[in-house]
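> Just passing along the structure, written as structure tokens.
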Amino acid sequence: MASLTGASLNFTSLSSSFQRTQVPLRGISNVNSVSFQSIRMRPGSLRFRVSCAAKPETVNKVCEIVRKQLALPEDSSVTGESKFAALGADSLDTVEIVMGLEEEFGISVEEESAQSITTVQDAADMIEKLIKSKDA
Amino acid sequence: MGASKGQRLSGMQKQVLSLYRGFLRAARSKPTEDRRQIESVVSAEFRRNSKQVDRKNFLYIEYLLRRGKKQLDQLKNPDTMGISSLNVSPSQNNKAKT
């Protein structure tokens, strides 16, 4: 339940619809409880969520995979803002990272979007988008 | 946010990356052990060429792209188990030196 709420909130802030809370909820079956909670929680969390659309779990998982792929030490700091290039990845590494993410999350990234991914956050946002469209 | 992305890729770089992705995808359909081997050979080959080949040597890169595509087609064949099609790489090594 908690994660469902989180997802709907993210979506709300993404589409920046302050009044039209119905729009992002279309795909969710349990509309009543979700819309209720999103109304209740919106004021506090919206500000934070704007810059961070993907769920923290997703971001963390992506960080982990990136670390593994680039053979970075456990304690190296990889965050949502980390750019692959800044972590020492070249374009071939980036391809490998995206391929690794595809397998981990069971998604398929298109050529076009794969090449626009340059940060952990980009990757996490895209994964959530793809998972959502897969479930819908 | 979008503006600071830097690293604009040329059309040719995109082709190379797309070929690399194609190889990795094809490798997925092979048994685990073959897959590891294919991945390591392919990765080594791309990395070696990325360092050795002059990025302005378009003719040669185009040749490598064409050759790579052919090898990828062979690899995609379900009958191709291992890396035999990719073992041509050492001969390419000689070519680069001449």
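> What quantity of accessible surface, computed with a 1.4 Å probe and excluding non-protein components, is buried in total between chains B and A, in Å² to the nearest 100?
1700 Å²
> Run the accessible area of region A:56-135 with a 1.4 Å probe and give the carbon-and-sulfur part as a rounded percent.
Numbers: 1970 of 3950 Å².
Carbon and sulfur atoms account for 50 percent of the accessible area of region A:56-135.
> Now a separate question. Could you give the length gained by full extension between B:Arg28 and B:Arg47, i.e. 0.36 nm per residue of separation minus their alpha carbon distance, to one decimal place? Let's see the in-between values first.
On the way: separation 19, 0.36 × 19 = 6.84 nm, distance 1.97 nm.
Length gained between B:Arg28 and B:Arg47: 4.9 nm.
> What nm distance separates the two modelled labels at B:Met12 and A:Glu104, each placed 7 Å from Cα along Cα→Cβ?
Between B:Met12 and A:Glu104, the label points sit 3.4 nm apart.
> Do you know the Lys pair count in region A:56-135 for C-alpha distances under 18 Å, with sequence separation 8 or more or different chains? Don't skip to the answer; put the middle values down first.
Values: A:Lys61/A:Lys83; A:Lys61/A:Lys129; A:Lys61/A:Lys132; A:Lys68/A:Lys83.
Lysine pairs meeting both conditions in region A:56-135 amount to 4.
> Something else about it: Give the Debye-formula value of log10 I(q)/I(0) at each listed q (0.11, 0.16, 0.23 Å⁻¹), with one equal scatterer per alpha carbon of region B:12-79, two decimals each.
The Cα Debye sum returns log10 ratios of -0.26, -0.53, -1.01.
The values are calculated or read from the model by the stated rules, or taken from the named source; none is laboratory data. Model, not experiment: these values are computed from the prediction. With ideal geometry, Cβ positions are generated from the backbone for all residues, glycine too; neighbour counts draw on all protein chains shown. For the accessible areas, the whole protein counts, side chains as well, though only heavy atoms, and no ligand, DNA or RNA atoms are used. Shrake-Rupley method; radii C 1.70, N 1.55, O 1.52, S 1.80 Å.
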